[in-house]
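Contents: one structure, followed by commentary.
The values are calculated or read from the model by the stated rules, or taken from the named source; none is laboratory data. Predicted, not measured: the structure shown is a model, and the values here were computed from it. Here the Cβ positions follow ideal geometry from the backbone for every residue, glycine too, while neighbour counts run over all protein chains shown. The protein model used for the area step is the full one, side chains on, heavy atoms only, and it has no ligands, DNA or RNA in it. Shrake-Rupley method; radii C 1.70, N 1.55, O 1.52, S 1.80 Å.
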Amino acid sequence: MPGICCAVGCDNSRQRNPGLQFVSIPKDLDRRNKWLAAIRRDHWQPTSNSRLCSQHFVSGRKNDNPMSPDYIPSLFAHTSAGQRQRSIYATSRFEHTQQMKRKRTETLVPDSDHETVAPSSTSDATGLDITLVEQVECIVEPCSNAACQATVKALTNECARLRAEVNCLKDKVNVLSFNEEAFKGNDEWYRN
């Protein structure tokens, strides 16, 4: 199994650095081209045995999330100090964002002290996904900020108004629909 880093100026190998990970160059063409541009090896095409060590990723490992700075390696001998600092900062921001997303998700998960409505992925008659509405209803503890409470109340009222309007429109559609039931017992429809 190959164990030498393909980056220019990097002499890491599996034998000398057993703690490092060595990853293959991606097969996805778009990502592969971005990796090759980052590696900057002139007139070189990687083989199936080409590997890049984990020291070329800010977090020490590649990340398959396209939003992550470690989706593409960024630490090389040709990388300036400013570029390194920007990569490190971008990675810390990304990790912070992911942590905040996890916290938000955890607030939607019911605990034993509160009753909540479990989110589901169903559609109403209009085909609209109502998951978001149910997730909003899952939030049990109200915000303590007065402006936030006013906004939530206004949005809740708007949702109630829109639901009523949707139900009214559904009733109109049912009355105006051309189905077999609409024609039964009504000979006037046939004569025109």
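So in the stretch 1-13, with the set limited to residues that are farther than 25 Å from Thr91 by Cβ and not in a strand (DSSP E or B), which one is least open to solvent (accessible area, probe 1.4 Å)?
Within the stretch 1-13, the match that is least open to solvent (accessible area, probe 1.4 Å) is Gly3.
So, in the stretch 81-114, exactly how many residues are modelled with pLDDT of 80 or more and under 16 Å from the mean Cα position of the chain (by Cα)?
12
Only one residue in Thr79, Thr47 is among the hydroxyl-bearing types (Ser, Thr, Tyr) and either open to solvent by less than 30 Å² (accessible area, probe 1.4 Å) or closer than 26 Å to Gln99 by Cα (or both), so which one is that?
Residue meeting the stated conditions: Thr79.
If a residue has to be in a loop (DSSP other than H, G, I, E, B), open to solvent by 80 Å² or more (accessible area, probe 1.4 Å) and either modelled with pLDDT of 90 or more or within 16 Å of Thr79 (Cα to Cα) (or both) to count, how many in the stretch 17-41 make the cut?
5
Run Ser68 past the list (1) closer than 21 Å to Thr91 by Cα; (2) of a type in the set (Gly, Ala, Ser); (3) surrounded by fewer than 19 Cβ atoms within 10 Å (Cβ to Cβ) and report the number of the one that doesn't hold.
(3)
Only one of (1) open to solvent by less than 50 Å² (accessible area, probe 1.4 Å); (2) under 17 Å from Gly3 (Cα atoms) is not met by Ser87, so which one is it?
Of (1) open to solvent by less than 50 Å² (accessible area, probe 1.4 Å); (2) under 17 Å from Gly3 (Cα atoms), only one is false for Ser87: (2).
Table: residues versus (1) out of contact with any strand residue (DSSP E or B) (no Cβ under 7 Å at 6 or more places or on another chain); (2) over 30 Å from Gln99 (Cα atoms); (3) without any contact (Cβ under 8 Å) to a residue 60 or more places away in the chain.
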| site | (1), (2), (3) |
| --- | --- |
| Asn12 | no, yes, yes |
| Gln15 | yes, yes, yes |
| Leu20 | no, no, yes |
| Ser24 | no, no, yes |
| Lys27 | yes, no, yes |
| Asp42 | yes, yes, yes |
| Gln55 | yes, no, yes |
| Lys62 | no, no, yes |
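Would you mind telling me which numbered condition in (1) closer than 25 Å to Arg32 by Cα; (2) outside any loop (DSSP other than H, G, I, E, B) Arg61 fails?
Tallying (1) closer than 25 Å to Arg32 by Cα; (2) outside any loop (DSSP other than H, G, I, E, B), Arg61 fails exactly one: (2).
Could you list, in sequence order, the residues of the stretch 42-58 that are under 12 Å from Ser74 (Cβ atoms) and not in a strand (DSSP E or B)?
Within the stretch 42-58, Gln55, His56, Phe57, Val58 qualify.
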